[in-house]
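Structure first, commentary second.
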Amino acid sequence: MSDAPQILDRIHALLAEDNDIEVPRATLAALPWKDTGLDSLPLMELVLHLEQEYDCTVSNEALREVVTFGDLAVILAQEMR
């Protein structure tokens, strides 16, 4: 899971670039994605972007388990293996 911190950095950058959401990096891992105020479409676009960038696929079942952006980073890191 050593890739998770780098993925979290990328999530942080994409949130700022694409959605104008500035969240302290230290807070992002524990931030529930519902607390960003984004609806499901921008969140799914974020996931699709990350899947393409990291050449992996996150199952719908795994996505249902995601609560925080840290969870998403860990799942993506696992899928990359």
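Are any of the residues in the range 8-19 in contact with a His (Cβ under 7 Å, 6 or more places away or on another chain) and surrounded by 12 or more Cβ atoms within 10 Å (Cβ to Cβ)? So far as the range 8-19 goes, yes, one or more of its residues are in contact with a His (Cβ under 7 Å, 6 or more places away or on another chain) and surrounded by 12 or more Cβ atoms within 10 Å (Cβ to Cβ). Against the criterion of being surrounded by 14 or more Cβ atoms within 10 Å (Cβ to Cβ), β-branched (Val, Ile, Thr), in a helix (DSSP H, G or I) and modelled with pLDDT of 90 or more, residue 47 qualifies.
Annotation: of all residues in the range 55-69 being touching a helix residue (DSSP H, G or I) at 6+ places or on another chain (Cβ under 6 Å) and assigned to a helix (DSSP H, G or I), the one that is surrounded by the fewest Cβ atoms within 10 Å (Cβ to Cβ) is 62.
Within the range 70-81, the set of residues being over 10 Å from the mean Cα position of the chain (by Cα), in a helix (DSSP H, G or I) and touching a residue at least 60 places away in the same chain (Cβ under 8 Å) comprises 77, 78.
The values are calculated or read from the model by the stated rules, or taken from the named source; none is laboratory data. Here the structure is a predicted model, which means the values were calculated and not measured. Here Cβ is always computed from backbone atoms with ideal geometry, including for glycine, and neighbour counts include all displayed protein chains.
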